[in-house]
Amino acid sequence: MNKQKKSFQYKILVGFILLLSVSAISFAALGSKTITKMAGYITSGEYMLAARQMHGANGQGHDEIIMPGLKGENATPEESEELAIMFQNFDKITRKVENLPNGIRTVTHASDEAVMAKLVSHVVGMIGRVENLDDPKIFIQSPTLDIFFMRGDKIKSEIDVTDNGIIVTQTSNDPELVDALQTHAAEVSDMADRGMQAVHEAMMKRMIK
């Protein structure tokens, strides 16, 4: 039994070494910024565990609590916890997006009161960060957000918390910001629909470009 266990562990070790070799070749084609962001996400044990859980449950088995990608260079533990709770309960979140000529109007609601509280806190906090050009640098963060933390002072945001959800209207006179607002709104809707699977697929697409 012990021999079989050791043999199994050896095979895993060899496989992991081969995986690292292939990854090294792939990473050579990536920019330094992407590698820096991924450094906190791809770790020897945590990423492999998260990936296994994801693929083992049709993309919905990701353990968002241990997932290091929810942390950030400039994010607080509370912000990472909010993300974890929202990803764990994405099936309780509904969202509507209206693209405006100069921005977006979104209505996001969670059927669970505790999840809704975290959702409101996250939205208000992130909009505040954008206004202050204060990038949390979450490891799984979409590159679409980069422009927000460079030109966030050119975005006008209005927030209204109602019984139907949190309503956010964001507009700008900068065409590139308008495009980014609408792109990110679609990304958030995808995450609300499919949870961490949407993030995983988006990251894989960016890595192979």
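Please find the FRET efficiency linking ASP146 to ALA186, where r is the Cβ-Cβ separation and R0 is fixed at 25 Å, and quote it to the nearest 0.05.
In this case the efficiency is close to 0.90.
Compute the distance from the alpha-carbon center of the stretch 123-152 to that of the stretch 68-96, in whole Å.
14
If packing is taken as the average count of other Cβ atoms within 10 Å, what order do 139-145, 82-88 fall into, highest mean first?
Per-residue mean Cβ counts within 10 Å order the peptides as 82-88, 139-145.
Using Cβ contacts closer than 10 Å as the measure, can you line up ARG194, ARG95 from fewest to most?
Listed from fewest to most nearby Cβ atoms, that is ARG194, ARG95.
Which entries of LYS96/LYS205; LYS71/LYS154; LYS96/LYS156; LYS92/LYS118 show an alpha-carbon separation above 23 angstrom in the structure shown?
Going by Cα-Cα distance, LYS96/LYS205; LYS71/LYS154 fall outside the 23 Å limit.
Local charge sum around SER111 (other residues, Cβ-Cβ under 10 Å, Lys/Arg +1, Asp/Glu -1)?
Taking every Cβ under 10 Å from that of SER111, the sum is -2.
None of the figures in this text is laboratory data; all of them are computed from the coordinates on show. In this text the structure is predicted, and so the values were computed from the model without any measurement. Methodologically, a virtual Cβ is constructed for each residue, glycine included, from the backbone with ideal geometry; neighbour enumeration extends over all protein chains shown.
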